[in-house]
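Each remark here refers to the structure printed beneath this line.
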Amino acid sequence: MRKVLATICMVGAMTAFASADSDKPKLDGRIAAASAVIDSIMKVPDQAIPDKITQSAFCVAVVPGLKKAAFVFGGSYGQGVVTCRTGHGWSAPAFIRVSGGSWGLQLGGQSTDLVLVATNDKGMQDLLKSKFKIGADAAAAAGPVGRNAAAATNITLASELLTWSRSRGLFAGISLDGTVVDQNGDDTRTFYGSDQPFQAILSGSVPVPPGAAKRFVSTVSRYFHSVQ
């Protein structure tokens, strides 16, 4: 019974969040917020994602302002965007949702930002799926922090995704096991004006729209660049 009630509450919270944030101007705002998250994190070297990770990242996903649902059983829900590296730069953004338990996050009434980085092709393929669960379908680890920090080889080899959170100004690696990541087809359709397959967007087949999307891709390109 408790599980049923928890599920009902989670679905209700997800519906409320989704219905309040799905028109084009709000989607532009979400993309702009994702750009701000990356920019503010990477501007502080001792709290940034290590260079060795940014230089080899396959995909970058940002969920700005993830909310902790205020019901007894706990739960979190957020919406974000993802871009992947292509043969000619970074792709246009596609929209994702994340949901799951509290993961031990003590957010209270606060929200937190999430950053997920696919470290290899398997991680990229996970992000191309319609839905997957971190820890079950995709191996993930809390990401190291510090621009010059050495990314442990065993972390990057054993994990498809590296994950971080930022709350109250603190940026740190976090375990997101049990978190469900799925594609937000409705928001993608609203933003692009028609159905666009995620694989087409993230492979670079869909041009980057002007405005917030182009600024987001430019921000990611600035920090997640390959060493020539």
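The values are calculated or read from the model by the stated rules, or taken from the named source; none is laboratory data. On a predicted model such as this, the values are computed, not experimentally measured, just so you know. In this analysis, Cβ positions are derived from the backbone assuming ideal geometry, glycine residues included, and neighbour counts consider all displayed protein chains.
Considering the range 131-149, the residues that are free of Cβ contacts under 8 Å to residues at least 60 places away in the same chain and outside any strand (DSSP E or B) include one that is farthest from SER99 (Cα to Cα), namely ALA139.
With a cut-off of at least 2 residues that are surrounded by fewer than 19 Cβ atoms within 10 Å (Cβ to Cβ), modelled with pLDDT under 90 and within 13 Å of the chain's Cα centre (by Cα), name the strands (runs of 3 or more DSSP E) lying wholly within the range 12-103.
Values: elements: 59-68, 76-86, 94-100.
Output list is empty.
Counting only residues that are surrounded by 20 or more Cβ atoms within 10 Å (Cβ to Cβ) and not in a helix (DSSP H, G or I), the range 175-204 holds 5 of them.
Looking across the range 155-174, the residues that are in a strand (DSSP E or B) and of a type in the set (A, V, I, L, M) come down to LEU161, LEU162, LEU170, ALA172.
For (1) farther than 27 Å from PRO25 by Cα; (2) modelled with pLDDT of 85 or more; (3) touching a helix residue (DSSP H, G or I) at 6+ places or on another chain (Cβ under 8 Å), each residue gets a yes or a no:
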{"position": "ASP126", "(1), (2), (3)": "yes, yes, no"}
{"position": "ALA139", "(1), (2), (3)": "yes, yes, yes"}
{"position": "ARG147", "(1), (2), (3)": "yes, no, yes"}
{"position": "GLY178", "(1), (2), (3)": "yes, yes, no"}
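PRO209 fulfils the conditions (1) over 17 Å from the mean Cα position of the chain (by Cα); (2) assigned to a helix (DSSP H, G or I); (3) at pLDDT 95 or above except for a single criterion, (2).
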